[in-house]
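> So that we are looking at the same thing, I have put the structure below in structure tokens.
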Amino acid sequence: MSAYLLSLAIWVPIIGSLFVFAVGPERRSAARLLALVVALAGFVVTLPLLLNFDPTFVGFQFVEQAPWIQRFNVQYFLGVDGISVLFIALNSLITILVVLAGWQVIEDKASQYMGAFLVMSGLMNGIFAALDAMLFYVFFEASLIPMYIIIGVWGGPNRVYAAFKFFLYTLLGSLLMLVSLIWLFLEAGGSFNLIDWYNLKIGIQPQILLFLAFLVAFAVKVPMWPVHTWLPDAHVEAPTGGSVVLAAIMLKLGAYGFLRFSLPIAPDASHQLAPLMIGLSLIAVVYIGFVALVQADMKKLIAYSSISHMGFVTLGFFIFNQIGVEGALVQMISHGFVSAAMFLCVGVMYDRAHSRMIADYGGVVNTMPKFAALFVFFAMANCGLPATSGFVGEFMVVSLSLPLHRRHACFRG
Amino acid sequence: MLNQFVTPDLLPAAPEIFILVMACLIIFADLVVGQVQRWIMSALTVIALAGSALITYTTMDGQTVLTFSNMFVDDLLSDFLKLVVDLTVLAVVIYSRSYLVARNLDKGEYYLLVLFATLGMMVMISASHFLTLYLGLELLSLSLYALVAIDRDSARATEAAMKYFVLGALASGLLLYGMSMVYGATGTLEIGAIAQAIFHGDANKTILVFGLVFIVAGLAFKLGVVPFHMWVPDVYHGAPTAITLFIASAPKLAAFAMALRLLVYGLFELAEQWQLMLMILAVLSIAVGNLAAIAQTNIKRMLAYSGISHMGFMLLALMSGVVGGQVDPFGTLNAYSSALYYAVAYVLMSLGSFGMVLLLSRAGHEAEMLDDFKGLNKRSPWFAAMMLIMMFSMAGIPFFIGFFAKFAVLLAAIKAGDTVMMLCTTTLMRSL
């Protein structure tokens, strides 16, 4: 049983979504109930992963390996380490929240909405679990499809533009990745196995090219300055659930990609190009932080603050220090919860006020005091107030980067 | 002298002969079948295509047989392509029936021309002689010109047919001129003998390369790649959708076979020269096709431009077989097989997407503007889902066949070398 846990985490939501689709758009309550059951089942199958995970074991656990496309030696090769197992659990948990958040709000084609999120959840579990580069790429690209549809169908007035922008930006980035994956495949003598790739000896010149190609792919996803412009548009137009998944999980794919591909495959290039990465991260932290300050639209504000938070993550990776990387991971998980909570709060407000303008939210504390308290609490966590999870990660990253670079990585407002 | 007369071996050409016989039968049937029993015509066509596919399948044994004084070849490639062509045309005929009936285009000519075009394609696929190749090409092209103009009352279709005819005739002329140059240099029209002659160095290289330029230009016209692509959007747009479906699917396979027979089987020794030409054509096609596709508001034109870029991808694979004049047997075969895979994948996607356009066109209304597809999900979610799958497949998103086809091509192209790789990466800025 434990041998197939990862497959279950991937395929339970996807196969379950077929049943949700089959319910049809007419029967709303049946669709959402079934979707909740599937999402819960998807979460339950990830629990044994967390419980049976052996943190002392070096390497990948719960490994599954089977041939897939034999002609190109592509394998169905899954496994998790301490990094990815957390994201799989986070992803499955967020999916439950998304289904619940869409419970009342989504009246139009509820079964398709819920089904799309379930498919996406399965695909993103696949991204985190894949140890075969081609399998990773397939999941990585395929996860675009449900998100594109979610933004394009259930989004705001300008949804088509936002969906296209999202799609084109991310597709453009990932094509460069595909080319480098094929190059690595040939270099490794016909293997897409990531563990083989980690042992490859590559010269510095190709390493830098590879690093840059991966950088384009993952920087769009993170998103890093200056390729971040799709994110505010996508967030503003996406329905609440879409924003939640986008912020909580999808942004992490880019950072995860750095950890899984760029750093281990091109380590020398990573060291050489670290100043570039640190510079871009600092611009994201400081400049985008200021941009967030002046936003009048609540969703845009959270979107820009997400970019700035992800700046801390990439900063943490490229100061090359164990605590820095750990801080970045804490920051990723914390941001996964906090930004999801923020978007859900905005969703609650939007459904009542039909406005995303911060100015329109005055006086909420009189009518919804408990909600307002929670909202403020999450906003504080987003700011990185001590005693919230947001503080831990930022503190770890900043305290490590200060002695190294003597630059101020200031906190966002 | 009677004993010198040798009856050619007819068996390798059995699928073609069957189609021809059935086509003749349909001419007669057209005379006797009344308005009520029109379905007989379409049934006969279906039988012709299915029968030909069956014959091809049962005689597929992987052996290379030459017949008709080495003018006609029956090998695994031709069997496979013929099978796909037969089945594609079969699907086209079945898809198109209700559209044609609704527009009163369900005439005997349609079935006849489709069968003759199919016959032309099959002859092209099996050609091992420049004359056979040209014969098949012209049979195909002439049938297609007539098919585009089959709706005689439509000014747009007539204009498209005229444009197609003039440009197509020009392309055929170029091709023929190139062939005559090669004949002048090698003294033979037989594809295998040409390869031998060039290999032994008996041929004048200057004349050969000169001829090669014309041959590649003619091929590019027929494939519809940049800068010889001007006719593609106009013809796809102008022709009745059922005809567009036909033009956009099976003939691409025949054109692929023609490119393979001419360039790889015949002029392989000149690979370094045609590789460069194909590279330019491929890169331009991918770039122009994609950029122009984004700007279209008419789905038929959009699919036409997307088809241009797909043909560019196919050429990319075709040119990757030879690396710096060196032939690596595995890599070369891999490149050609990925080109073949791409061609078949494209035909399937094209069949699917034009089939959707056809399906959604009701009597008296053509669904061809992109705006016509708005809200499709409300009206018919299954069609919308199918359309989505087709579009994602065309864009090369994983899990759909388009991705695996692109993947195979890229793999071959990157293997072929760094300069090519740089070009690939720069041209990858594509969307549809």
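The values are calculated or read from the model by the stated rules, or taken from the named source; none is laboratory data. On a predicted model such as this, the values are computed, not experimentally measured, just so you know. Please note: Cβ atoms are built from the backbone with ideal geometry, for glycine as well, and neighbour counts cover all protein chains shown. Side chains are part of the model used for accessible areas, which takes the heavy atoms of the whole protein and leaves out ligands, DNA and RNA. Shrake-Rupley method; radii C 1.70, N 1.55, O 1.52, S 1.80 Å.
> Below 17 Å, Cα to Cα, which aspartates and glutamates can B:Lys107 reach? Residues fewer than 8 away in the same chain don't count.
B:Asp30, B:Asp151, B:Asp153
> Can you send over the carbon and sulfur percentage of the accessible area for the range B:1-107, probe radius 1.4 Å, protein chains only?
70
> Got a number for carbon plus sulfur as a percent of chain A's accessible area, 1.4 Å probe?
Summing carbon and sulfur atoms, their accessible area is 68 percent of the total for chain A.
> If you don't mind, there's one more thing I want to ask. Using only protein heavy atoms and a 1.4 angstrom probe, determine the accessible area buried between B and A, summed over both sides, in Å² to the nearest 100.
On the way: alone 18170 and 16620 Å², together 32280 Å².
Roughly 2500 Å² of accessible surface disappears when B and A pair.
> How would you classify chain A from its alpha-carbon gyration tensor, with a ≥ b ≥ c the square roots of the eigenvalues: rounded for a/c under 1.5, else prolate if a/b is greater than b/c, otherwise oblate?
Taking the square roots of the gyration eigenvalues as a ≥ b ≥ c, chain A is oblate.
> Right, next: Under a 1.4 angstrom probe, counting protein chains only, how are B:Cys24, A:Cys345 ranked by accessible area, largest first?
On the way: B:Cys24 60, A:Cys345 10 Å².
Correct descending sequence by accessible area is B:Cys24, A:Cys345.
> For the pair A:Thr388 and A:Asp108, what calculated FRET efficiency results from E = 1/(1 + (r/R0)^6), where r is the Cβ-Cβ distance and R0 = 35 Å, to the nearest 0.05?
Working: r = 36 Å, r/R0 = 1.03.
So, using R0 = 35 Å, E works out to roughly 0.45.
> Are there any residues in the range A:136-158 with a reduction of at least 50 Å² in accessible surface when going from the isolated chain to the assembly of protein chains? Probe 1.4 Å, please list them by number.
A:Val138, A:Ile145
> Would you mind getting the accessible area per residue of chain A, heavy atoms of the protein chains only, 1.4 Å probe, in Å²? Walk me through the numbers on the way to the answer.
Values: 15380 Å² over 413 residues.
Spelled out: the 1.4 Å probe surface of chain A, per residue, equals 37 Å².
> A further question follows. Based on the Cβ-Cβ distance from A:Leu40 to A:Asp351, what FRET efficiency comes out when R0 is 41 Å, to the nearest 0.05?
Using R0 = 41 Å, I get an efficiency of 0.95.
> What nm distance separates the two modelled labels at B:Glu272 and B:Leu131, each placed 7 Å from Cα along Cα→Cβ?
3.5
> Using DSSP to call loops (not H, G, I, E or B), can you name the trypsin sites (Lys or Arg not before Pro) in the range A:182-271 whose Cβ has at most 16 other Cβ atoms within 10 angstrom?
Passing both the DSSP loop test and the Cβ count: A:Lys201.
> Using a simple spin-label model with points 7 Å from Cα along the Cα→Cβ vector, what separation in nm is obtained for B:Ala155 and A:Ile323?
Calculated label separation equals 8.0 nm.
> Can you work out the accessible area per residue across the range B:188-295, with the rest of the protein chains kept in place, probe 1.4 Å, in square angstrom?
Working: 3290 Å² over 108 residues.
Value returned for the range B:188-295: 30 Å² of accessible area per residue.
> Further question: Cα gyration tensor of the range A:118-172, axes a ≥ b ≥ c as square roots of the eigenvalues: rounded (a/c below 1.5), prolate (a/b > b/c) or oblate? Don't skip to the answer; put the middle values down first.
Values: a/c = 4.50, a/b = 1.93, b/c = 2.33.
Oblate shape, in that a/c is at least 1.5 and b/c is the bigger or equal ratio.
> Quick check on chain B: take the gyration tensor over C-alpha atoms, sort the square-rooted eigenvalues as a ≥ b ≥ c, and tell me if it's rounded (a/c under 1.5), prolate or oblate.
Because a/c hits 1.5 or more and a/b fails to exceed b/c, chain B counts as oblate.
> While we're looking at this one, here's another question. By how many nm would the segment from B:Ala102 to B:Lys205 lengthen if fully extended, with 0.36 nm per residue of separation less the alpha-carbon distance?
Length difference between fully extended and current span is 31.5 nm.
> Shifting gears a bit: Considering only A:Gly279, A:Gly16, A:Gly155, give the residue with the highest GNM mean-square fluctuation for chain A, with springs between Cα atoms whenever their separation is below 10 Å.
Result for chain A, Cα springs under 10 Å: A:Gly279 fluctuates most.
> Of the accessible area of the range B:240-340, with the probe set at 1.4 angstrom, what percent is carbon plus sulfur?
Whole-percent figure for carbon plus sulfur exposure: 69.
> Which helices of chain A meet both criteria: a Cα extent of 20 Å or more along the helical axis and a mean Kyte-Doolittle score no lower than -0.5, with helices taken as whole DSSP H segments?
A:5-23, A:28-51, A:82-101, A:110-129, A:159-187, A:204-221, A:274-293, A:298-318, A:322-353, A:369-383, A:389-405
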